[in-house]
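Only the coordinates and a few stated rules stand behind these numbers; no lab work does. Predicted model only: the values in this text are computed from it and were never measured. Don't worry about glycine lacking a Cβ; one is built from the backbone with ideal geometry, like all the others, and counts go over all protein chains shown.
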Amino acid sequence: MKIQIIAAGQLKQGPERELFQEYAKRLSYPIKLVEIAIRQDKAIPASSYLKAITKEDFVILLDEVGENLSSREFAKKINNLNETNKRLCFIIGGADGIPQEVKNLSRFSISFGKLTWPHLLVRALLAEQLYRAQQIISNHPYHRD
């Protein structure tokens, strides 16, 4: 499986970065993180996201209006997508959301609930859910219902 996360903002040293790195290193497959620099007074242009996406990628948005999946449902979806041999490309937008041009490329979107999460923390949440999905798929007892 190939995973790429394209995320608004840049993680500096701190707990969010450490948490992301901890779960990323637990994965049995590589995960690539592409960070997009942001300015507080400007929305991120679509081109900043698009230069990291290929037409072969399976684009998945993290969006507040996306599907609210359980961990088991997420694992099943990831397992099914793994069979496509496409790179899974997760997009995490900034405060102004994700440009429509990028949204048009997505196959589906997922939500981590109705709460608003800092985009720097969302990448750690995503990495943990990818690790949890890996463990669910392999029938490891990490996940408990």
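Values for this structure:
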item: Residue 28-residue 67 FRET efficiency (beta carbon distance; Förster radius 22 Å; 0.05 resolution); result: 0.30
item: Residue pairs, from the table 32/55; 55/114; 55/76; 12/32, whose Cα atoms sit over 19 Å apart; result: 55/114; 55/76
item: Cut-off 14 Å between beta-carbons: net charge of the residues surrounding residue 24, Lys and Arg +1, Asp and Glu -1; result: +2
item: Under 14 Å from the Cα of residue 51 - aspartates and glutamates, other chains or at least 8 residues apart; result: 35, 101
item: ³J(HN,Hα) computed for each position of the stretch 128-145 - Karplus, 6.51 cos²θ - 1.76 cosθ + 1.60, integer Hz, glycine/proline x; result: 5, 5, 5, 5, 4, 4, 4, 6, 4, 4, 8, 6, 7, x, 3, 8, 10, 7
item: FRET efficiency for residue 56 and residue 95, using Cβ-Cβ distance with R0 set to 25 Å, rounded to 0.05; result: 0.25
item: Per-residue HN-Hα couplings for the stretch 106-116 [Karplus 6.51, -1.76, 1.60; θ = phi - 60°; Hz; x = Gly/Pro]; result: 6, 8, 6, 9, 10, 10, 9, x, 7, 5, 8
item: Nitroxide proxy distance, nm - points 7 Å out along Cα→Cβ at residue 10 and residue 84; result: 3.1 nm
item: The chain - percent relative contact order, Cα under 8 Å, separation 6 or more; result: 37 percent
item: Antiparallel bridge percentage (DSSP; both residues within the stretch 3-137; nearest 5); result: 5 percent
